[in-house]
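*Asks:* Please see the structure below; I have some questions.
The values are calculated or read from the model by the stated rules, or taken from the named source; none is laboratory data. Only a predicted model underlies this, so the values are computations on that prediction, with no experimental measurement involved. Note: ideal-geometry Cβ built from the backbone for every residue, glycine included; neighbour counts use all protein chains shown. In case anyone asks, the SASA skips ligands and DNA or RNA and just uses the protein heavy atoms, side chains included. Shrake-Rupley method; radii C 1.70, N 1.55, O 1.52, S 1.80 Å.
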Amino acid sequence: ANLGICLARTGRKVLLVDADLGLANLDLMLGVKARASVREVLSGGTTVSSAMVEGPSGVMLLPACSGDVKLAELDETARLGLLGAIDSLEDRFDTVVVDTGAGIGSNALYFAAAAQQILVVTTPDPAAMADAYAMIKVLHLRCGVERIHLAVNMASGPREAEQVVSRMLGLVHQFLDVALV
């Protein structure tokens, strides 16, 4: 949410796609009420343009819905359909941010691997760092991703953030052939 808002404040036309399809919450974070969601787009009940809602600083959001197991476990055809719907909006936006759920689930891997750039977000918490490393590892080994951006959230300050980055760089350099930037 904050990344999208920051990009919009620089004058970019931004679309946020809530691709945490089973536990969506970007609508709550942005303080907007969704009229429709990815569920209705995939079922043919509405168009992707009609499902979008405007958020702070002009950010547009394609919301998902929370608690829908079918969305959390999309099959390949449904994923391709959603990706096609998002791609159909490409000319309307400067930046499309696809926010996946945490973890290495099939939806998260699919949408991350399809992206032009991948940003993995972690915190200083050891479990979060282990999860971030696992995502990087799986994206590299299973999807052939060779370059991944890393952001540290919820650090107490620059020093703690730099320590997290240093640890992650060390792990990735030792065990994977991935450019972590």
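*Asks:* I'd like the distance separating the alpha-carbon centroids of region 85-101 and region 1-28, in whole Å.
*Replies:* Taking the Cα centre of each part, region 85-101 and region 1-28 sit 10 Å apart.
*Asks:* Measure nothing fancy, just the Cα-based angle from helix 158-175's long axis to the longest principal axis of the chain, in degrees from 0 to 90, nearest 10.
*Replies:* Approximately 80 degrees, to the nearest ten.
*Asks:* Ignoring ligands, DNA and RNA, what accessible area per residue does the chain give at 1.4 Å, in Å²?
*Replies:* For the chain, the per-residue accessible area is 55 Å².
*Asks:* Roughly to the nearest percent, how much of the accessible area of the chain is carbon and sulfur, given a 1.4 Å probe?
*Replies:* 52
*Asks:* With the crude spin-label approximation of a point 7 Å out along Cα→Cβ, what separation in nm comes out for Leu23 versus Leu83?
*Replies:* Distance between the two pseudo-spin positions: 2.4 nm.
*Asks:* Additional query: Quick one: dipole size for the chain, taken about the Cα centre, charges +1 on Lys/Arg Cβ and -1 on Asp/Glu Cβ, in debye to the nearest 20.
*Replies:* Roughly 240 debye for the chain.
*Asks:* Could you run the Karplus curve 6.51 cos²θ - 1.76 cosθ + 1.60 with θ = phi - 60° over region 51-68 and give me ³J(HN,Hα) per residue in whole Hz, x for Gly and Pro?
*Replies:* The phi angles translate into 7, 6, 9, 8, x, x, 6, x, 4, 9, 10, 9, x, 10, 10, 9, x, 9 Hz.
*Asks:* Mind checking which of Thr47, Leu139, Leu82 is farthest towards the positive end of region 1-159's charge dipole, using Cβ charges of +1 (Lys, Arg) and -1 (Asp, Glu) about the Cα centre?
*Replies:* The listed residue farthest towards the positive side: Leu139.
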